[in-house]
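**Student:** I have a structure I would like to understand better, so I am pasting it below and will then ask my questions one at a time.
The values are calculated or read from the model by the stated rules, or taken from the named source; none is laboratory data. Quantities reported herein were computed from a predicted structural model and do not represent experimental measurements. A quick note on method: Cβ atoms are made from the backbone with ideal geometry, for glycine too, and the neighbour counts reach across all protein chains shown.
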Amino acid sequence: MTRRKAATESSAKIELNEASLARLGAKRLAALLFEASDADAVLARRLRMELLANDPVALGKEIDRQIQALRRARAFVDWRQIGNLVKTLDGVRASIVNGLGERDPAAAAERLFGFLTLAQPSLAVRFSYVGAAKLGAG
């Protein structure tokens, strides 16, 4: 058996799960997440929300900031980017319900109402015949 084939077989046995990632240690995982967040804006927003989870006031301000950014959005979203939009919306929703809701239910209810108002005129997602979506009113 060649060395290359042996390396491939041994790497195939490594399963990616919580236990195997925990063996990397907190410092290595933090470095990997930081590196990955440079290339993935959705992950960066999620990490920011997780870091703020213990401070309901700061988390509420970050949620407000993200809702305002979504409300002001006027960009075209190509069909290939719809998944990122869905992840962003779901991340904001999860931060409101899970993060803020557990610590300050009244503030979470207020943010959730603001989030739901995005669905009406502010975040009108219209699909064109070429597979793009238009974000924004009008």
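**Student:** Pairs, please: C-beta under 7 Å, at least 6 apart or cross-chain, first residue within 16 Å of PHE115 (Cβ to Cβ) and in the stretch 44-64, second polar (S, T, N, Q) and in a helix (DSSP H, G or I)?
**Tutor:** Note: pairs meeting the criteria are ARG45/GLN66; ARG45/THR88; MET49/SER95; LEU59/SER95; ILE63/SER95.
**Student:** If I filter the stretch 26-39 for residues that are surrounded by 12 or more Cβ atoms within 10 Å (Cβ to Cβ), among the small types (Gly, Ala, Ser) and in contact (Cβ under 8 Å) with a residue 12 or more places away in the chain, do I get at least one hit?
**Tutor:** No.
**Student:** Only one residue in ALA108, ALA69 is over 25 Å from LEU29 (Cα atoms) and touching a Leu at 6+ places or on another chain (Cβ under 8 Å). Which one?
**Tutor:** Being over 25 Å from LEU29 (Cα atoms) and touching a Leu at 6+ places or on another chain (Cβ under 8 Å) holds for just one of ALA108, ALA69, which is ALA108.
**Student:** Identify all residues within the stretch 61-82 that are under 22 Å from ALA94 (Cα atoms), of a type in the set (Lys, Arg) and either in contact with a helix residue (DSSP H, G or I) (Cβ under 9 Å, 6 or more places away or on another chain) or not in a helix (DSSP H, G or I) (or both); write none if there are none.
**Tutor:** The answer is LYS61, ARG71.
**Student:** Among the residues of the stretch 76-91, are any surrounded by 11 or more Cβ atoms within 10 Å (Cβ to Cβ), at pLDDT 90 or above and of a type in the set (A, V, I, L, M, F, W, C)?
**Tutor:** yes
**Student:** Quick one: ALA69 ticks every box in (1) under 23 Å from PHE113 (Cα atoms); (2) of a type in the set (Gly, Ala, Ser); (3) surrounded by 15 or more Cβ atoms within 10 Å (Cβ to Cβ) except a single one, so which number is it?
**Tutor:** Evaluating ALA69 over (1) under 23 Å from PHE113 (Cα atoms); (2) of a type in the set (Gly, Ala, Ser); (3) surrounded by 15 or more Cβ atoms within 10 Å (Cβ to Cβ) leaves (3) as the failure.
**Student:** Pick from the stretch 45-60 the residues that are in a helix (DSSP H, G or I) and among the small types (Gly, Ala, Ser): which of them is surrounded by the most Cβ atoms within 10 Å (Cβ to Cβ)?
**Tutor:** It comes out as GLY60.
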